[in-house]
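Take a look at the structure set out below.
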Amino acid sequence: MNAALRRMSGLLSAYYAYMTAYRAELILWALANSLPFILMGAWYQAAENGGYGFSGVEVARYFLAVFVVRQLTVVWVIWEFDQDVQRGRLSQYLLQPVDPAWRYIAAHLSERVARLPFSALIIALFFLLFPPARFVPHASDLLLALVFASLAFALRFAMQYTLALFALWTERASSLEGLMFILYLVLSGAIAPLEVFPDALRAAVLWTPFPYFIWVPARLLSGGVDVDLVQAALVCLGWITLFVVLNRVVWRRGLKRHSAMGA
Amino acid sequence: MSDAGTPIIEATGLTKSFTVAQKDPGLAGALRHFFRRRTKEIRAVTEVSFTIRPGEVVGFLGANGAGKTTTLKMLTGLLHPSAGSCAVGGWQPFQRTRDFLQAITLVMGNKQQLMWDLPTVDTLKLNAAIYGVSDAEYRARVDELAAMLELSDKLTQPVRKLSLGERMKAELLAALLHGPKVLFLDEPTLGLDVNAQVAVRHFLKRYNAMTGATILMTSHYMADITALCPRVLVIHEGALVHDGGLDELMRRFGARRELKIELARAVERGALDALGEVLSVEGSVARIAVEPAQLVSVVGRALAELPVSDLTVHDPPIEEVVGRVIGKSQRANHAETGT
């Protein structure tokens, strides 16, 4: 266990150094996730005109929370893995006694920490430009939001890394993520809070992984969500377990194929 | 791990085939390829067998595409053999057990494991964590290896700022940090200038003498092989065509030396032909292939009879040595089959 912890801390510090070497890129990545602010503008106007059950300020807070959750949960492993397979880096990773998955996890976690100051800066700027949206979440809401954001990250990572493994057959799995991204945009709450969905549709969507990526943690952060949190956590954990199991099966088969076809 | 008597690397009938997609050129070819994919089986390595004892340094020679890298990848567990078997230190490489991975390293001259934008020391710390190297061991090994590689003052510079030679030395340092017992080196001096090549060779020789590590290396530079490898394996079109001492290889296949003569003034072509096989004459510079046994007398004659302003002796290109081995093995095959 100690050896495993030491390995992970070594991976984390190396990848943190790696991420901070790309400071300028980190600002751009943080800014590239500014879609919620654009959507906020559109929905704010609509909410002010009434009819959505949200006030303009609630809409602004929701999309700000969406921005925060996206900063905490962004996953890019599928593009990284594609590149690693194509450029032969995966072969080098396979020569070392640590599963490459831990490298990708460490890279994502380190990037999160390295990105934090820039995300905070953007949020501060937003509050400066739009004072009515300023709010301090309750400690319990914040804690719950962080728990669900962590689950969201784990689920999104497990799902995307599983799709990424198909690069062991096709050398380019990122097109699969393109397909998944459409569902992600519509069903996760990234474009609109799921309250705008009809009740039956929302209830059905709650059994899929998508609302847990953004909507649940963002609503928790911006003032509470009307869902059974125990059930939400269980659904989330169920999907994580499913994708982790699937991931290991696909990994073993993919590796066999990779080592048969040329590493 | 094996003792000195038993082989540390063992390949028995090692074979690897790949299925490769075939596509005709142009739009029609692309469409046909989309709807009905044609494939062809390519055999990269055919029934290769050899054993290597602990501490041996063995050169692995062959033209591009001969099957060297494929064999190395099977021995390091990256490729699963299609037939035959191999064992390294008693482990089946393709099972990639932790103990096996701790015991080996693979350095490829055309690939890098160092993190490009970070100093070497960051990759070293990462490797120390991955391989479970203790802090004390880490410091001792880095100090020792960096001193041997004359790299101590370069470890905190970003890798991208290092010269090609320094980068290869840093790659070796990172690859050897965990003290592997078996080193697989694929073209470790590729693209390096002569000084850097000499430094890498010198290091490998000392490392082998100090640690008793086994080394199997491929190279395109004859000087690497003559400096390091008492024994060589030659592979051609996937099959092993020679396994024996380097001296024996040179004796059997009479690798010629290359004499490069710069002349102060033009001479008759006949005067050059008298020295050996004239490979080229460009301006005032002539390249002549000479049998090793005649080298001293030919050099003496050249200096005495020609207006020589400069004279150097080079190793023959590895392709020439391998070409001779291959030529001989093909002639032998044809004789056997009567073709």
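When you scan the range A:250-258, do you find a residue that is away from chain B (no Cβ under 14 Å) and either outside any loop (DSSP other than H, G, I, E, B) or farther than 30 Å from residue B:75 by Cβ (or both), even just one?
The answer is yes; a qualifying residue exists.
Okay, residues lined up against (1) aliphatic (A, V, I, L, M); (2) modelled with pLDDT under 90; (3) within 14 Å of residue A:78 (Cα to Cα); (4) in a helix (DSSP H, G or I):
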| residue | (1), (2), (3), (4) |
| --- | --- |
| A:144 | yes, no, no, yes |
| A:150 | no, no, no, yes |
| A:156 | no, no, yes, yes |
| A:162 | no, no, yes, yes |
| A:172 | no, yes, yes, no |
| A:191 | yes, yes, no, no |
| A:201 | yes, no, no, yes |
| A:204 | yes, no, no, yes |
| A:211 | no, no, no, yes |
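Within the range A:90-124, how many residues are closer than 21 Å to residue A:247 by Cα, out of contact with any Pro (no Cβ under 9 Å at 6 or more places or on another chain) and not in a loop (DSSP other than H, G, I, E, B)?
Residues flagged as closer than 21 Å to residue A:247 by Cα, out of contact with any Pro (no Cβ under 9 Å at 6 or more places or on another chain) and not in a loop (DSSP other than H, G, I, E, B) within the range A:90-124 amount to 12.
Would you check which residues across the range A:16-59 are closer than 24 Å to residue A:117 by Cβ, more than 14 Å from chain B (Cβ to nearest Cβ), open to solvent by less than 50 Å² (accessible area, probe 1.4 Å) and in contact with a helix residue (DSSP H, G or I) (Cβ under 6 Å, 6 or more places away or on another chain) and list them?
The answer is A:30, A:33, A:36, A:40.
Filter the range A:76-90 down to residues that are touching a residue at least 24 places away in the same chain (Cβ under 8 Å) and open to solvent by less than 10 Å² (accessible area, probe 1.4 Å) and give me whichever is farthest from the other protein chains (Cβ to nearest Cβ).
If we take residues in the range A:76-90 being touching a residue at least 24 places away in the same chain (Cβ under 8 Å) and open to solvent by less than 10 Å² (accessible area, probe 1.4 Å), then A:78 is farthest from the other protein chains (Cβ to nearest Cβ).
Answer with yes or no whether residue A:190 is touching a residue at least 60 places away in the same chain (Cβ under 8 Å) and surrounded by 19 or more Cβ atoms within 10 Å (Cβ to Cβ).
yes
Going residue by residue through the range B:91-98, is there one that turns out to be outside any strand (DSSP E or B), surrounded by 15 or more Cβ atoms within 10 Å (Cβ to Cβ) and touching a residue at least 40 places away in the same chain (Cβ under 8 Å)?
Looking through the range B:91-98, none of the residues is outside any strand (DSSP E or B), surrounded by 15 or more Cβ atoms within 10 Å (Cβ to Cβ) and touching a residue at least 40 places away in the same chain (Cβ under 8 Å).
Among what's in the range B:235-281 and is among the charged types (D, E, K, R), at pLDDT 90 or above and farther than 30 Å from residue B:216 by Cα, pick the residue that is surrounded by the fewest Cβ atoms within 10 Å (Cβ to Cβ).
B:273
Please go through the range B:13-65 and give me each residue that is in a loop (DSSP other than H, G, I, E, B) and open to solvent by 20 Å² or more (accessible area, probe 1.4 Å), ordered by number.
Correct list: B:23, B:24, B:25, B:36, B:37, B:53, B:54, B:55, B:56, B:63, B:64, B:65.
The values are calculated or read from the model by the stated rules, or taken from the named source; none is laboratory data. Bear in mind that the values here come from a model prediction, so they are computed numbers and not experimental data. In this analysis, Cβ positions are derived from the backbone assuming ideal geometry, glycine residues included, and neighbour counts consider all displayed protein chains. In case anyone asks, the SASA skips ligands and DNA or RNA and just uses the protein heavy atoms, side chains included. Shrake-Rupley method; radii C 1.70, N 1.55, O 1.52, S 1.80 Å.
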